[in-house]
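Notes follow once the structure below has been shown.
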Amino acid sequence: MSVLSRRGFIGAASALAVTTGLSACANKPANGDGGEPSDANGPTDSTKLTLCLDYTPNTNHTGIYVAQAKGFFDEEGLEVEIVQPAEDAAEAIVGSGSAQLGISFQDYIANSLVAGNANIVAVAAIVQHNTSGIMSAADKGITRPAAMENHTYGTWDLAVEKATIKHVVEKDGGDYSKIKLVPKTVDDDVAGLQANMFDCAWVYEGWSVQNAHIQNMAVNYFSFISIDDVFDFYTPVIIANTEYASTSPDTIKAFLRATKRGYEFAIKQPQEAADMLCAAVPELDAALVAQSQAFLSEQYQADAASWGVIEKDRWARFYQWLNDNKLVERQLDVDAGWTMDYLA
């Protein structure tokens, strides 16, 4: 099991399936007889759905695996197949209708909207707040963005990524030009820091920082949202194929009811939820999953009224920042790409 970096979480990975229950995405009908998707009156006794992950299974997905293990999908009359992206990213797979549901991120939905793929929509937030930021070895003294000066930063060379780093460094009074950008060629951020491949990296606190703790590596970490709330965008989210959702709204609602129960269980019983994820995906590092789950179980809902909520103002604020900084090829509709119509 490789340790997931931000690129691993949001990249168009071509990972192989790691359990028998996972397979490459392919065109599949939504019901069992090979016909058209179920009607708008809701799921039948055995409505089949395909959900495409963003990457290999991890604690972002725990609630889905809990819903599977606890029979919550069965109770809603759903048969859910969990698959991983093979060649295309989840956005393309869901947009094409090869899967009815998937896992994505607000910034990747922006890319899809700009590219003309308007056939996906976010229907629930998996984690309420952006839990990513900058991690470094403690002895580097990088405790704030301005302290990144005169250090190396491992980059994926993405426009939005570099604009984010520039923004937080300059907002903190630092000089972005004094940061040396080096290619980030590893997914294991802890190993990269230990090997001095870079001094700091963009990571998710719920995975890489927890992995550092597991490995007894002293690190410093600061979050992007502690610098500017414009970066409190939604990452990750559940997306649906808009055409399928419009013709089978009750099926999407049923899926979200079951999934919400799964994440609520993970919030209340993090260790048991972690055990369920590891049982489904035994290749995962159980100690890291347990550590990550303990952290994320407090982040899934956080301060929201209930799990899954997407707030209009937060969504629009980030898209406006993308527009203002000309990080998209054409102006985004800041209110596009999400809906709360299916979440109870």
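The values are calculated or read from the model by the stated rules, or taken from the named source; none is laboratory data. Bear in mind that the values here come from a model prediction, so they are computed numbers and not experimental data. All Cβ positions, glycine included, derive from the backbone under ideal geometry; neighbour counts span all protein chains shown.
Summary table below
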quantity: Lone unmet requirement of (1) in the same structural domain as residue 247 (by TED's automatic domain parsing); (2) in contact with a Gly (Cβ under 9 Å, 6 or more places away or on another chain); (3) of a type outside the set (Gly, Ala, Ser) for residue 145; calculated: (1)
quantity: Residues of segment 201-238 that turn out to be under 15 Å from residue 139 (Cβ atoms) and within 21 Å of the chain's Cα centre (by Cα), as a count; calculated: 2
quantity: Total residues in segment 54-85, condition among the acidic types (Asp, Glu) and assigned to a helix (DSSP H, G or I); calculated: 2
quantity: Tally, over segment 94-113, of residues that are more than 18 Å from residue 61 (Cα to Cα), in contact with a Ser or Thr (Cβ under 9 Å, 6 or more places away or on another chain) and not polar (S, T, N, Q); calculated: 2
quantity: Hits in segment 261-288 - residues which are in contact (Cβ under 8 Å) with a residue 40 or more places away in the chain, closer than 13 Å to residue 65 by Cα and either of a type outside the set (Gly, Ala, Ser) or outside any helix (DSSP H, G or I) (or both); calculated: 261, 263, 264, 265, 276, 277, 281, 282
quantity: Those residues of segment 307-344 which are in the same structural domain as residue 240 (by TED's automatic domain parsing) and within 18 Å of the chain's Cα centre (by Cα), in sequence order; calculated: 307, 308, 309, 310, 311, 314, 315, 318, 319
quantity: Residue within segment 79-94 that is in contact with a Lys or Arg (Cβ under 6 Å, 6 or more places away or on another chain) and modelled with pLDDT of 95 or more present; calculated: yes
quantity: Matching strands (runs of 3 or more DSSP E) fully within segment 124-231 where at least 1 residues are closer than 30 Å to residue 338 by Cα and of a type outside the set (Asp, Glu); calculated: 132-137, 152-155, 200-204, 219-223
quantity: Residue match in segment 104-126 (condition: buried (at least 23 other Cβ atoms within 10 Å of the Cβ) and more than 20 Å from the chain's Cα centre (by Cα)); calculated: no
quantity: Some residue of segment 238-260 being farther than 20 Å from residue 79 by Cα and in a loop (DSSP other than H, G, I, E, B); calculated: no
quantity: Unique match (being of a type outside the set (Gly, Ala, Ser) and either at pLDDT below 95 or surrounded by fewer than 21 Cβ atoms within 10 Å (Cβ to Cβ) (or both)) among 150, 60; calculated: 150
quantity: Residue check for residue 126: of a type outside the set (Gly, Ala, Ser), touching a strand residue (DSSP E or B) at 6+ places or on another chain (Cβ under 9 Å) and within 25 Å of residue 298 (Cβ to Cβ); calculated: yes
